[in-house]
Structure formats: C-alpha cells, structure tokens
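Data first, discussion second: the structure below is written as structure tokens.
The values are calculated or read from the model by the stated rules, or taken from the named source; none is laboratory data. Everything quoted here is computed from the prediction, not taken from an experiment. Cβ atoms come from the backbone with ideal geometry, glycine included; neighbour counts cover every protein chain shown.
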Amino acid sequence: MAADSQPYERGGRGNTPRLSGPGPFRRFMLASMASISYPGTKAEQLLLAPQELRTADPSFATELYNGHFGLAGRLAEVNAESPFAIVPPSEGWARELYGFSWLRHLRAAGSELSREQAKALVQDFIALRRSHQALAWKPEIVGRRVISWLSNSVLVLDTGEPQAYETFLRALTSQLRYLSASYRDAPDGVPRLVALMALIYAGLCIAEQQAVVERYSRPFGKELDRQILPDGGHISRNPDALVELLLDLLPLRQCFVARDRPPPKQLTDAIDRIMPALRFFRTGDGTLVRFNGAGPTPTDALATVLAYDDVEGTPVRTAASSGYVRLACGPTVLMCDIGPAPAQSVSTCAHAGFFSFEMSSANSPMIVNCGSPAVDHEEWRPFARSTAAHSTLTFEESSSATFASEGANGGEMLSDAALTGPLNAQAALADQGDNFRIKGSHDGYVADFGVSHARQLLIAPNGLLISSEDKLSAPAGLKSPDGGLVAGEYAIRFHLHPSVRAAMAADGKSVVLTLGNGETWKISSNAPETKIEESFFLADARGPQPTSQVVLGGFMGEASEVRIVWNIERRADGGDGGRLVDPNETAPEAA
C-alpha cells in the first residue's frame with residue numbers, strides 16, 4: 001500500500017432557488033437506470049483514501065465555528081442553520097458546497113471540533129438529500145463530491161459508530177449508482193473526466209469493486225486520449241485545465257499502485273504529456289499564460305504538481321496541437337496564440353484572442369492578456385473573453401470570434417457562451433536563422449466589415465528586439481452591418497502587467513516601459529496615434545487590478561490596405577533606442 005494512502009478497518013429545510021441541473025424527472029429516470037447500469041455491489045468497507053493534493057486552509061474551521069461559510073469568494077452566514085438549507089449567495093458558492101472539496105480545510109485543522117463539524121455536515125447532506133437543488137445532481141458535481149468524500153473519509157468516518165459508518169457507505173453507493181447512469185451527461189472536457197475519475201476512484205478505494213474499475217477504465221482511457229492532446233495541452237486550450245486535472249490524476253495513479261494494480265497506460269501517458277506542457281505554459285515569473293480561460297495562477301497547486309515532474313526538460317517552441325508558440329530568446333519569453341477555436345462543446349471558456357501574445361523579461365512580466373477573472377468576479381467574464389482584452393488588434397471595437405448568444409433577444413452575451421472563429425485562422429513559426437518569425441492571418445472581421453487581418457512578429461535571437469507588422473486588407477472595400485461604414489477604426493493593444501510603469505517618450509510617438517526588475521523597454525510604431533489608456537488585469541486572485549495599456553490607433557478609409565509597423569526594444573543605455581525596424585526588411589539583432 002502506498003505511503004500516501006490511509007488504510008481502514010471495517011467497522012431545517014430552506015426555501016432555496018432551483019439552480020441549473022437535471023430536473024426531477026431526469027433524476028428519477030437516472031436513478032432508475034442506476035441499479036441496472038452500475039456494476040458494483042453495495043459498499044461495505046473502505047480500503048484506502050486517496051491523497052489530497054489541493055492546499056488546505058485550517059482557518060476555515062474557525063470561520064465555520066463562527067457561523068461564516070466562505071466559498072468561491074462569497075460568504076454565507078449559516079449560524080445555527082445547515083448550509084444545505086439556506087439560499088446560496090451564488091451558483092459558484094453552491095457548486096463548491098455540493099462538491100465538498102472544503103472538507104480538506106476541516107481535516108487540516110486537526111481538531112476534534114473540526115472533525116465533529118465535518119461529520120455533522122456530511123450527515124446533514126445525507127439527511128436533506130431529497131431537498132437539494134438540481135445543481136447538486138449535476139454529474140460533475142456528484143463526481144467531485146465522491147472524490148472529496150473518499151479523500152477525506154478518515155475525517156468523517158468512525159469505526160466506533162457502525163450506524164453512521166453504514167449510512168455513509170449507503171449514501172456513497174447511491175451516488176455512485178447515479179453517477180454510473182449520468183456521467184455521459186456531464187459537460188464535455190474536464191467535468192466529464194471528473195465524473196469518470198470518481199467511479200474509478202471508488203472502484204479502487206472500496207472493497208470488492210473490481211468490476212467497477214474494469215467497466216470504467218476503458219471509457220476513461222478513451223476520454224483521456226481524446227482530451228489530452230499529443231503535445232500535452234487540453235482540448236479546451238485552457239492552460240489552467242492541466243493543473244486541475246493533475247491534482248486528480250496523480251492521486252488516482254497512486255491508488256492503482258496502492259491496490260497492486262498497474263495504472264492504465266492512457267493514465268500514465270496523459271500525465272507524461274501534461275508535465276512538459278505545464279512548463280511550456282509558464283512565463284518568466286512562474287505563472288501560467290492568460291489564454292482561453294486561464295485566470296489567477298494557483299501557484300501552490302502548480303508547485304505541487306510540478307514536484308512530480310521527473311524530467312524537467314526544456315519546453316518545445318511550438319505546441320502544434322494546442323495552437324501555441326513559446327519562444328525563449330535570451331531573457332525574453334514570448335507566448336503567442338496561433339490556434340483556431342476549440343470545438344464548441346469545450347469553448348464556453350475560450351477567448352477571442354487569436355494571435356494575441358504575452359511577453360516577459362527575466363522574471364518580470366511585461367505584456368499580458370487581461371486574463372479570466374476569479375469566480376467571485378463573473379461580471380467581468382464577457383469582457384475577458386473579448387478581443388479587446390487581449391494584446392492584439394481589434395477593428396471597430398469588435399471581437400474577431402463569434403459568441404453563440406451574442407445579440408440573442410437583444411440581450412448581452414452570456415459569460416459561458418460557446419465561441420466560434422475567427423474564420424480562416426492560420427499561423428506558423430519559422431526559424432530564419434537570424435530571427436524567429438511568427439506569421440499568420442484571419443478573416444474574423446470580413447463578414448461584418450470586409451476586413452482581413454494579418455500579423456507577423458520577428459524576434460531577435462537574443463530576445464531584445466521584436467519587430468512586427470499588423471496589416472489590414474479590404475480588397476472589396478469596407479462594409480458594415482448597417483451599410484454605413486465610411487472609415488473603420490483599428491486599435492493595436494498591448495495590455496501591461498500591473499508591475500509595469502508606462503510613460504510617453506519625448507518624441508510623443510513612443511512609449512517607455514519600466515519593468516518591475518528595473519529594465520526599460522520602448523514601444524515605437526508608425527501608427528497615426530499612440531496612447532496610454534487604463535486597463536485591468538483580471539487574472540489576479542485579489543480581483544481585477546488596475547493597470548495600463550498601450551494603444552496604437554488609426555482609421556482605415558478608402559485605402560484597400562493599411563500596414564502598421566511596430567517595435568518593442570530593450571533600451572540598453574537609457575536612451576531612446578534605435579530606428580523603427582520594418583519586419584519585411586532584415587531585422588538587425590538588438591545590441
């Protein structure tokens with residue numbers, strides 16, 4: 001048995017809103033099917049508890065004792081009431097409540113009081129289960145709850161209380177049967193994997209459940225092969241998904257070893273692919289890049305999973321399947337999104353950020369995307385997904401991709417709307433010897449405005465000069481949905497990390513950036529207008545942080561083509577830097 005696993009010996013309803021989830025009839029049908037579909041027997045004995053890799057906060061127990069139940073950035077006052085019988089302050093709070101991941105905080109407290117609190121809350125859930133909101137029965141939430149119960153079962157079970165022990169196992173069996181009939185209904189992507197993982201975890205942790213492991217290992221392996229791309233990225237193109245998955249995949253692998261079973265090849269292969277992908281997505285300051293749903297980097301979780309990385313090799317330059325380029329040139333790390341949108345079924349967190357980029361120097365972040373906000377700032381999510389929240393070009397303040405609910409019934413875009421486009425998105429990296437060239441284009445603005453966008457970035461081998469061009473083309477002339485467009489406004493945005501200070505240079509056309517490590521860089525261009533505007537860095541655990549953005553702007557009128565050349569160059573001596581370099585010429589290596 002693995003050292004990380006714990007052995008076992010046998011042993012007021014509220015008026016709550018109905019949050020999204022399977023309705024009563026659907027739940028009844030699934031429960032009816034469960035007795036037929038579930039291959040396992042009634043749980044009678046737990047053999048081991050999976051290791052919990054997520055960081056725990058012991059102070060949660062004290063707050064709970066004082067009547068405060070804080071989850072997903074929201075605080076509920078429970079006092080003498082059960083948290084399962086109150087109106088939840090948000091859907092995110094309710095999801096975390098029903099997922100029971102918070103049990104780890106009570107376990108970390110290590111007191112008899114926290115143990116009694118945990119036992120009482122689990123018993124509360126079991127007693128009130130028929131009155132729970134529909135949200136509680138979403139397959140991915142049931143899956144998370146099963147994993148949490150198993151991982152923290154040493155906290156809530158007492159072999160000296162046979163009746164409570166049996167009640168817990170009976171409730172666990174009931175949820176596993178339900179999950180066996182409903183896991184296919186979980187949303188595509190990470191949620192479906194969580195539902196399947198829960199079934200396999202249970203098959204390994206509960207005695208005499210060999211049939212469960214056998215039944216679900218195959219669909220689980222197929223999902224892993226489908227969702228974890230050959231380069232280690234996730235099909236959603238969200239770097240954060242990799243950390244979340246590893247927190248469950250690594251303990252699952254340990255459970256196979258603890259039961260003297262070889263882990264499935266698909267499981268070990270998926271972990272082996274994900275590890276180098278995580279190194280690929282790390283920036284100079286150790287955080288993950290902010291593309292396609294990535295938000296505040298869970299630095300504790302990232303450090304935990306990377307501790308299992310035995311290879312620690314140099315990241316590749318191109319993750320072709322995931323659609324990203326990573327160039328580490330001297331002290332500079334530049335990451336660029338060159339991939340098409342993910343499949344619609346996994347696009348509800350994806351961003352309209354094609355050909356946006358992020359850049360850091362040494363350990364100091366410089367140019368970023370705004371990133372995705374934490375769960376307690378959902379109102380920012382529609383903006384976070386827009387093209388304007390990314391370091392790339394926008395035309396007429398519109399997004400290069402289309403959101404499924406955009407404009408529906410005259411309402412605003414839903415934060416979890418599916419995304420498609422941009423059309424004809426294509427890009428590639430070329431090593432030209434004296435520089436690296438990332439070149440691509442898309443037709444995301446053709447349908448509405450008749451404009452296509454092409455971009456190329458040239459990076460010197462020492463990383464101290466990026467010479468670039470954005471080109472807008474309208475061979476058939478400008479158009480607009482209402483037919484009244486005479487001139488279209490474009491904006492090339494460089495969102496800056498909050499640690500960067502920006503100031504207009506003496507020439508009034510360039511911007512000097514001072515990084516957190518004291519380096520100075522300069523952005524110069526041939527754009528008609530250069531401005532420093534306010535921005536917000538959303539990918540911060542504390543909430544949106546005010547910052548700045550450099551905007552190169554102008555108008556496209558009757559001309560069928562507009563070319564904007566811009567450079568980013570480190571200033572070695574505090575001067576104004578060199579001349580504006582056209583990327584269509586040979587870019588000199590910066591001094």
* Which number in (1) among the charged types (D, E, K, R); (2) in a helix (DSSP H, G or I); (3) assigned by TED's automatic domain parsing to the domain that holds Phe100; (4) touching a Phe, Trp or Tyr at 6+ places or on another chain (Cβ under 8 Å) marks the one condition that Arg130 misses? -> (4)
* For segment 370-385, enumerate the residues that are among the hydrophobic types (A, V, I, L, M, F, W, C) and either outside the structural domain of Ser499 (by TED's automatic domain parsing) or assigned to a helix (DSSP H, G or I) (or both). => Val375, Trp380, Phe383, Ala384
* **From the options Ala56, Ala43, residue that is part of a loop (DSSP other than H, G, I, E, B), out of contact with any strand residue (DSSP E or B) (no Cβ under 9 Å at 6 or more places or on another chain) and either outside the structural domain of Tyr178 (by TED's automatic domain parsing) or modelled with pLDDT of 60 or more (or both)** => Ala56
* Asked: Are any residues in segment 519-554 over 29 Å from the mean Cα position of the chain (by Cα) and either modelled with pLDDT under 95 or among the charged types (D, E, K, R) (or both), and if so, which ones?
  -> Glu519, Lys522, Glu529, Lys531
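Regarding Val311, is this residue modelled with pLDDT under 95 and either out of contact with any Phe, Trp or Tyr (no Cβ under 7 Å at 6 or more places or on another chain) or not in a loop (DSSP other than H, G, I, E, B) (or both)?
On the way: modelled with pLDDT under 95: yes; either out of contact with any Phe, Trp or Tyr (no Cβ under 7 Å at 6 or more places or on another chain) or not in a loop (DSSP other than H, G, I, E, B) (or both): yes.
Criteria met by Val311.
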* Within segment 353-385, work out how many residues are of a type in the set (A, V, I, L, M, F, W, C) and farther than 18 Å from Tyr324 by Cα. => 7
* Answer residue from segment 213-243, given it is surrounded by 20 or more Cβ atoms within 10 Å (Cβ to Cβ) and charged (D, E, K, R) and is nearest to the chain's Cα centre (by Cα) among those -> Asp240
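Tally up the residues in segment 68-94 that are buried (at least 22 other Cβ atoms within 10 Å of the Cβ) and either modelled with pLDDT under 90 or under 22 Å from Leu247 (Cβ atoms) (or both), please. I'd like the intermediate steps shown before the answer.
Going residue by residue through segment 68-94, those that are buried (at least 22 other Cβ atoms within 10 Å of the Cβ) are 69, 71, 84, 88, 94.
If we keep only those that are either modelled with pLDDT under 90 or under 22 Å from Leu247 (Cβ atoms) (or both) too, we end up with 71, 94.
Total satisfying the criteria: 2.
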* **Any pair with Cβ under 6 angstrom, 6 or more apart, that starts in segment 476-503 at a residue that is under 17 Å from Leu552 (Cβ atoms) and ends at one that is modelled with pLDDT under 95 and of a type in the set (Gly, Ala, Ser)** => Ala487/Gly557
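So that you can scan it fast, the table gives a plain yes or no per residue for (1) in the same structural domain as Asp337 (by TED's automatic domain parsing); (2) among the hydroxyl-bearing types (Ser, Thr, Tyr); (3) buried (at least 23 other Cβ atoms within 10 Å of the Cβ); (4) within 25 Å of His351 (Cα to Cα):
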position: Ile466; (1), (2), (3), (4): yes, no, yes, yes
position: Asp470; (1), (2), (3), (4): yes, no, no, yes
position: Ser480; (1), (2), (3), (4): yes, yes, no, yes
position: Ala487; (1), (2), (3), (4): yes, no, no, no
position: Ile492; (1), (2), (3), (4): yes, no, no, yes
* Asked: Can you name the residue in segment 106-117 that is in contact with a helix residue (DSSP H, G or I) (Cβ under 9 Å, 6 or more places away or on another chain) and closer than 12 Å to Tyr65 by Cβ and, of all such residues, is surrounded by the most Cβ atoms within 10 Å (Cβ to Cβ)?
  -> Leu106
* Identity of the residue in segment 254-296, over 20 Å from Arg237 (Cβ atoms) and of a type in the set (A, V, I, L, M, F, W, C), that ends up surrounded by the most Cβ atoms within 10 Å (Cβ to Cβ) -> Cys255
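Within segment 469-491, how many residues are in contact with a Lys or Arg (Cβ under 7 Å, 6 or more places away or on another chain) and not in a loop (DSSP other than H, G, I, E, B)? Talk me through it step by step, then tell me what you get.
Step one: of segment 469-491, the residues in contact with a Lys or Arg (Cβ under 7 Å, 6 or more places away or on another chain) are 469-471, 485.
With the extra rule that they be not in a loop (DSSP other than H, G, I, E, B), the set shrinks to 469-471.
The qualifying residues number 3.
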